[in-house]
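Have a look at the structure below before the remarks.
The values are calculated or read from the model by the stated rules, or taken from the named source; none is laboratory data. Small disclaimer: the values here were computed from a predicted structure and weren't measured. Reconstructed Cβ throughout: ideal geometry from the backbone, glycine too, with neighbour counts over all protein chains shown.
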Amino acid sequence: MINFRFSITNPWSTLFDAGWCWGNKLTKHKAWECQVYRSNVLAEFVFELTHRQDHAGLRFEFGLFTWCFTLVIHDTRHWNYDRGCWEIYEE
């Protein structure tokens, strides 16, 4: 897993507005989500790349002066840690 996070928040603010969220499937097991929202963030940058875990994928977040943007591309399956592979679901 690669995880880089930089964040400066306003500790005296309780601002949070869920804003807008969009998402859809890309393939059978891959999906994307995009969200724009407001929070107590003054400046934020997040980059995350995961594998071999539940909903592994790419996450990018950017926030400036209370406005935040998130883009996620992830696997819709859960990881089976005992077997070392994706869970198999009956259709």
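Okay, here's what the table says:
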| quantity | calculated |
| --- | --- |
| Long-range neighbours under 7 Å by Cβ, at least six apart or interchain, first residue without any contact (Cβ under 8 Å) to a residue 60 or more places away in the chain within the stretch 53-65, second of a type in the set (D, E, K, R) | H55/D75; A56/D75; G57/D75; R59/E48; E61/E44; F62/E44; G63/E44 |
| Subset of the stretch 1-35 (residues that are part of a loop (DSSP other than H, G, I, E, B) and either modelled with pLDDT of 90 or more or more than 14 Å from the chain's Cα centre (by Cα) (or both)) | N10, P11, W12, S13, T14, L15, L26, T27, K28, H29 |
| Condition broken by T70, with the remaining ones in (1) in contact (Cβ under 8 Å) with a residue 40 or more places away in the chain; (2) over 30 Å from E90 (Cβ atoms); (3) not acidic (D, E) satisfied | (1) |
| Residue match in the stretch 36-51 (condition: part of a loop (DSSP other than H, G, I, E, B) and on the phi > 0 side of the Ramachandran plot) | no |
| Any hit, the stretch 68-83, residues being at positive phi and at pLDDT below 90 | no |
| Leading residue by the ranking (nearest to the chain's Cα centre (by Cα)) among those in the stretch 36-71 that are among the charged types (D, E, K, R) and under 22 Å from L26 (Cβ atoms) | R59 |
| Per-region count, the stretch 52-91, residues among the acidic types (D, E), surrounded by 16 or more Cβ atoms within 10 Å (Cβ to Cβ) and assigned to a loop (DSSP other than H, G, I, E, B) | 0 |
